[in-house]
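To start, the structure itself, in C-alpha cells.
The values are calculated or read from the model by the stated rules, or taken from the named source; none is laboratory data. It should be emphasised that the depicted structure is a prediction, and the values quoted were computed from it without experimental measurement. Positions of Cβ are generated from backbone atoms using ideal geometry, with glycine treated the same way; all protein chains shown enter the neighbour counts. To get the accessible areas, we keep the full protein, side chains included, count just its heavy atoms, and leave off ligands, DNA and RNA. Shrake-Rupley method; radii C 1.70, N 1.55, O 1.52, S 1.80 Å.
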Amino acid sequence: MDSSVLSLRIDGDLLDRLRDHASKRGMSVQDYVVRTLIRDDFDERFKTAVDETEKFYGAA
C-alpha cells in the first residue's frame with residue numbers, strides 16, 4: 001500500500017486543543033486526527049446508506 005505525507009499549518013490554539021483531546025485518549029495528535037477523519041468518513045457513508053434505504057422504502 002502506498003503512503004503519502006500530509007502537512008498542515010494550523011493555529012496554535014487549535015493545536016493545543018487537538019493535543020488535549022488526543023492526550024485524554026492516550027493518542028498522538030497524528031493518530032487522533034487520522035482516527036477522526038476515518039470516523040467522519042464512515043459517518044458520512046453510513047448516513048448516505050441510511051438515506052438511500054429510507055428513500056427506497058418510502059420512509060423519507
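Descriptive notes on the structure:
- Distance (nanometres) between label positions extended 7 Å along Cα→Cβ at residue 49 and residue 15: 3.7 nm
- Modelled FRET efficiency - R0 30 Å, residue 2 with residue 27, Cβ distances, 0.05 increments: 0.80
- Label assignment, Rg/Rh (Cα atoms, Kirkwood Rh) derived from the structure, set [x] 1.12; [y] 1.26; [z] 1.19: [z]
- Ordering 57, 32 by accessible surface, largest first, gives 57, 32; the 1.4 Å probe counts only protein heavy atoms, with every chain in place.
- Residue-normalised accessible area of the chain, expressed per residue, 1.4 Å probe, Å²: 96 Å²
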